[in-house]
Structure formats: structure tokens, C-alpha cells
Amino acid sequence: MSYNSFGHVFRFTTWGESHGPAIGAVVDGCPPGLSLSEADIQPFLDARRPGQSRFTTQRQEPDQVRILSGVFEGRTTGTPISLMIDNVDQRSKDYSEVAAAYRPGHADYAYDAKYGFRDYRGGGRSSARETASRVAAGAVARLVIPEVTITAWVEAIGGDAIDPAKFDAVEIANNPFFCPDADAAKRWEALVDDARKAGSSLGAVIACEVTGVPAGWGAPLYAKLDAELAHACMGINAVKGVEIGDGFGAAVLSGEQNADAMRPGDDGPTFLANHAGGIAGGISTGQPIRVRVAFKPTSSILTPVETITRDGEATDIRTKGRHDPCVGIRGTPVVAAMVALALADQKLLHRAQNG
């Protein structure tokens, strides 16, 4: 059994490896009649694209998407939508040492233990390069949920967080860090530069807020909206934690502090708080949905680290090549894409049951 797909009704499958000829996705279950062209997908890929600043990998990939099927005369046909992105700037020779020894923190050993075989070129299937396919599929998902607005940003890098009082959504697009705090973005320049020059890397926290989701999406127990969102985000490369609403912070609150009190409103209840992150009992409440995602530091670093060879001998390894000093930065569009994919699926599941 191989798991390369996500979703129930709106479902996508990604394919390809970091150093193969191309990567891509097949989106199935998309409703027919939606207007779709490459121009609808490309802006999201451009936001994730590598090599746009010194704070990300210098691999130069144009990430131009091609729609191979599922669209006729500019509209979706209801059949599988095949998306392809060519790889044009691979340097497989950079990974010759990785063929013989495992990179600690990476998936090298785990893949070898599972399959007895692995593609060591850039990590193959485990490379963050695969996430471009998710971003392309996420752009299609957004067409299914036009009522929804998804905003994602970097909340912290290397433990240095933004000041919530200085949050400015306009700033997110004005710096290479997807940072809503201009002062924090300036600090992060030096922080990430120092890590890069030292041959090291930093972790990050990505926040995502969704507005426009009506009350009622999701299902009790085994298709909870928060569980599906956590599943979607935990499946992203380098993600090690997901919080919905207050997340772990809720564990230190009392019952009355954690309750999202309600009062009568003109069109349903007015909530006085949103500790639950817009989801109760696995079902959306109509409040903003709030998700936070923790990215570990990039495992491919130039600093020598103790490891073992495939033959079990002790050695040290330093990973050559072009890598993100903070993979969480370009993880921001990926989080937004996975949230869109989960919500599109949940909308269609809700419609299937409730009409």
C-alpha cells in the first residue's frame, strides 16, 4: 500500500522526485465548469519558488506549471486534472556523499529501512521540492472555495517572534519572509544570514487564518475538520507540530477561561472569544479558523554531524548543495495550499451529506 494521495471527495495525488525530470499532481473530484488556466495556478507557485532571495535555496527553478488534462475551453471538465512542473536545475553530483552515509534529521535512514532502496539525489521523494506539486493542487482547490480567504505568514524564526501589536497584513508581501511585522523582518535578515554563513539552519512557526468558512463544515469523530487540517499540515516536509486555536496553550487555562462565550447576534451567535480556533466538536463554527505549524530546522546543513554509513560504520557528514537555511519560510505558501485542499474537500463532503 502506497500513500501519495490526500482527500476524500476532492482528492489529489503528487508524483515525482527532487532530481527527476519533473514533478506534478493529479487532482480528482474537482467540480466541472470552473474557470481554470495556468495563470490561476502560477502566482501561488511563484510565491513558493526557490532562488528569489539569499534567504532561501539558490536552486533556480522557474516552476512553470502545465495543465495536461481535465480542462477544456478554459473550464474544468470534472475529470482528473493533471499538472506538471519541469525540474530544470538539478545538481545530483552534490549528493555523492549522501549515497554512502545517512544525513541525521533527514529521511535517509527511514526510507532505507522501509524500502531497502532510496533515491539519495536531494532526498528524492522526501525532498521539499515535492511541495510545489501541493501548491499547484492547492490553487485548484481555491476555485472550489471562493467564499474563503486564506492568509498565512511566518510568526517566528529561530525563536524570534513577531510583535502581535505590529501585525500588518500588507507587510506579508513586502519582504522575503512572509512577515507581517516590518521590524521582525529586519531582525530576521541578520538571523538567517548568520545561520547560512555558519553552515547551519533555523526552524520557524507559520500561522494561518481562514475567514469565510460557514458554520457546519466538518464531521464528528473520524472526519473532524481540525483533525483533517492537522493531517494536511503534518504531512508537509519538516513539519513537527500543528496547533488549532490555542493548541497546547489551552492546557494551562481554566474551563471558564477556555470557553468561547456566546451572545445573541443579528445572524446567529456572536462569539466573545475564539480559543477553539473556529472549530468545535470537529465542525466549523463560522469564526476565523486559526492554525499554527512548527517547522524544524533544515536537516541538510554544511556543519559536520556524526552519522553512520549504510554499512553501519561511524563517520561524519556535511551536506553539500543548495539548501534553505530556514525551510519554514517557503513553507508558508505550502501551509496555505494544504489548508485550501483540506477545506475544499470538507466543503464537498458537507454538500454530499447535507445537499
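Per the Kirkwood formula applied to alpha carbons, the chain shows a radius of gyration over Rh ratio, Rg over Rh, of 0.98. Across the stretch 231-277, C-alpha contacts under 8 Å between residues 6 or more apart give a mean separation that, scaled by the residue count, equals a relative contact order of 33 percent.
For the chain, what is the accessible area per residue in Å² when the probe is 1.4 Å?
46
Per residue, how much space in cubic angstrom lies within the convex hull of the C-alpha atoms of the stretch 260-346?
Details: hull volume 16.1 nm³, N = 87.
With only Cα atoms used, the stretch 260-346 gives 184 Å³ per residue.
So, in Å, what gap is there between the alpha-carbon centers of the stretch 289-355 and the stretch 109-188? Using only Cα atoms to place each centre, the spacing works out to 8 Å. Over the residues of the chain, the helix contribution to mean residue ellipticity at 222 nm works out to -8000 deg cm²/dmol, using -39500 (n - 2.57) for each DSSP H run of at least 4.
When every alpha-carbon pair in the stretch 211-250 is counted, what percent end up more than 11 Å apart? Result for the distance tail: 69 percent.
Taking all Cα pairs closer than 8 Å and separated by 6 or more residues, the relative contact order of the chain comes to 22 percent. Three semi-axes describe the equivalent ellipsoid of the stretch 145-220; taken as square roots of 5 times the Cα gyration tensor eigenvalues and ordered largest first, they are 30, 15, 10 Å. Residue 142 sits among other residues whose Cβ lies under 13 Å from its own Cβ, and their net charge, with Lys and Arg +1 and Asp and Glu -1, is -1.
Under the combined filter of DSSP loop state and at most 13 neighbouring Cβ atoms within 10 Å, the stretch 100-152 retains these chymotrypsin sites (Phe, Trp or Tyr not before Pro): 117. Compute the acute angle (0 to 90°) between the alpha-carbon long axis of helix 225-234 and the principal axis of greatest extent of the alpha-carbon atoms of the chain; round to the nearest 10°. Once rounded, the angle reads 10 degrees.
Given Cα positions, please report Rg to Rh for the stretch 150-276, the hydrodynamic radius being the Kirkwood one.
Values: Rg = 17.6 Å, Rh = 17.2 Å.
Answer for the stretch 150-276: 1.02.
What do you get for the angle between helix 182-197 and the principal long axis of the chain? Use alpha-carbon atoms, 0 to 90 degrees, nearest ten. Taking the Cα atoms of the chain, the angle to 182-197 is about 20 degrees.
Counting only GluC sites (Glu not before Pro) that are in a DSSP loop and have at most 15 other C-beta atoms within 10 Å, tell me the longest site-free stretch of the chain.
On the way: sites that count: 73, 147, 313.
That gives 148-312 as the longest site-free run.
A 1.4 Å probe over all protein chains sorts 234, 84 by accessible area into 234, 84, starting with the largest. With the simple spin-label model, which puts each label point 7 Å out from Cα in the Cβ direction, the residue 315 to residue 5 separation comes to 3.9 nm. Seen from residue 348, the other residues with C-beta closer than 14 Å to its C-beta sum to a net charge of 0, counting Lys and Arg as +1 and Asp and Glu as -1.
Seen against the Cα atoms of the chain and their longest principal axis, helix 38-48 is set at about 60 degrees. Think of each Lys and Arg Cβ as +1 and each Asp and Glu Cβ as -1; about the Cα centre, that makes the dipole of the chain roughly 740 debye. Where is the GNM fluctuation largest for the chain (alpha-carbon springs, 10 angstrom cutoff): 133, 35, 299? Top of the fluctuation ranking is 35. Couplings 3J(HN,Hα) of the stretch 113-118, computed from phi: 5, 6, 9, x, 6, 8 Hz, in residue order, whole Hz [Karplus 6.51 cos²θ - 1.76 cosθ + 1.60, θ = phi - 60°; x for Gly and Pro]. With a Förster radius of 45 Å applied to the C-beta separation of residue 88 and residue 262, the computed FRET efficiency comes to 0.25.
For the chain, what number of Lys pairs, 8 or more residues apart or on separate chains, have alpha-carbon atoms under 19 Å from each other? Don't skip to the end; give the middle numbers.
Numbers: 93/320; 166/186; 186/197; 197/296; 197/320; 224/347; 240/296.
So the count works out to 7.
Under the 0.36 nm per residue contour assumption, what length would be gained going from the current alpha-carbon distance of residue 39 and residue 193 to full extension?
On the way: separation 154, 0.36 × 154 = 55.44 nm, distance 3.34 nm.
Working it through step by step, the gained length comes to 52.1 nm.
The values are calculated or read from the model by the stated rules, or taken from the named source; none is laboratory data. All values derive from a computational prediction rather than experimental measurement. Using ideal geometry, Cβ is built from the backbone for each residue, glycine included, and neighbour counts are taken over all protein chains shown. Ligands, DNA and RNA are stripped out before the accessible areas are found, and what is left, the full protein with its side chains, is counted by its heavy atoms. Shrake-Rupley method; radii C 1.70, N 1.55, O 1.52, S 1.80 Å.
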